[in-house]
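Taking it in order: structure first as structure tokens, then the write-up.
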Amino acid sequence: MKHGMLTKVTILAALLISMVTVSAQMPGEQAMKSMSFILPKLVGSNTNFTSTTSVQVLEGGLETMALTMNFALSDGKIKTDLDMANMKSSSLPPEIAVQLKSTGMDKLVSIVRPDKKVIYLVYPNLSAYTELPIKQEELEAMNSPQIEKKDLGKETVEGHPCTKQQVTVTTGGTTQVITVWNASDLKNFPVKMQAPSGASTVVMTYKNIQFVKTKAEAFDPAPSFMKYDMAGFQALLMKKMMGQ
């Protein structure tokens, strides 16, 4: 392999490795986590549902990232299925989609298990997964947040009549303000959520909502999948990138 090509592959490998960790996976990731973690406290009696969820990251009114994922909530457990090769981002090079597919990292399943205090990052095409601990402040956000709501009027979202609310969430001395649109025709389900993330704004919109219970086994990695620690998974990824 020529030196220039080797350098390019190494740079892409470093970028992909940085995407393995939840905190650096994509722009607006922390705001997405915050909204997902607080969601079980905002859905009322709708504690079991599935949806197609679109995510937008906006900066200065312009879209800098967009993706769509399948989302499931079941009694506090959260699962998202994402095809990262279809993610649109102004901060990622065009080659990234090709590299994601070639390494088997294009399909990513994230499973949040508050009961086990862990997040599973599952890569089905690699039959592999790694896990990250849920931080104490994140557990507090899921289990015992202080929530204040203020009505902001009525709006229609995706054809649903909604009450728009400003939701202030305080956990461990940290406060976050989230704008939520609750659909009156869907048992006040929050069909849209919006939150600041640094200089950006993250918008999550829930579509194709089904109030069904997901099977318990869906919230665990497949028994046949290999578990890696973070260093081992990064080594596996580097080998894939180098064609080994």
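The values are calculated or read from the model by the stated rules, or taken from the named source; none is laboratory data. For clarity, every value in this text was computed on a predicted model and none was experimentally measured. With ideal geometry, Cβ positions are generated from the backbone for all residues, glycine too; neighbour counts draw on all protein chains shown.
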* To do: Please determine, by comparing only the residues of region 230-240 that are over 23 Å from I78 (Cβ atoms) and not aliphatic (A, V, I, L, M), which one is surrounded by the most Cβ atoms within 10 Å (Cβ to Cβ).
  => Q234
* To do: Look at L132 and say whether it is touching a Phe, Trp or Tyr at 6+ places or on another chain (Cβ under 9 Å), hydrophobic (A, V, I, L, M, F, W, C) and surrounded by fewer than 17 Cβ atoms within 10 Å (Cβ to Cβ).
  => yes
* Asked: Only one residue in T171, T175 is of a type in the set (S, T, N, Q) and crowded, with 17+ Cβ neighbours inside 10 Å, so which one is that?
  -> T171
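Taking the criterion of being over 18 Å from the mean Cα position of the chain (by Cα), closer than 29 Å to G60 by Cβ, modelled with pLDDT under 90 and not in a strand (DSSP E or B), would at least one residue in region 190-207 satisfy it?
Yes: one or more hits.
Quick grid of which residues meet (1) over 30 Å from G172 (Cβ atoms); (2) part of a strand (DSSP E or B); (3) at pLDDT below 75:
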{"position": "G4", "(1), (2), (3)": "yes, no, yes"}
{"position": "S45", "(1), (2), (3)": "no, no, no"}
{"position": "S51", "(1), (2), (3)": "no, yes, no"}
{"position": "A72", "(1), (2), (3)": "no, yes, no"}
{"position": "I96", "(1), (2), (3)": "yes, no, yes"}
{"position": "S102", "(1), (2), (3)": "yes, no, yes"}
* K215 closer than 23 Å to I38 by Cα, surrounded by fewer than 19 Cβ atoms within 10 Å (Cβ to Cβ), free of Cβ contacts under 8 Å to residues at least 24 places away in the same chain and more than 17 Å from the chain's Cα centre (by Cα) -> yes
* Please enumerate the residues belonging to region 158-175 that are farther than 17 Å from F37 by Cβ and in contact (Cβ under 8 Å) with a residue 12 or more places away in the chain. => E158, H160, P161, C162, T163, K164, Q165, Q166
* To do: Determine which member of the set T175, T163 is part of a strand (DSSP E or B) and under 21 Å from the mean Cα position of the chain (by Cα).
  => T175
* Structure fact -> Checked pairs for region 137-157, first closer than 16 Å to Q194 by Cα, second modelled with pLDDT under 75 and not in a strand (DSSP E or B), C-beta under 6 Å and 6 or more apart or across chains, list as none
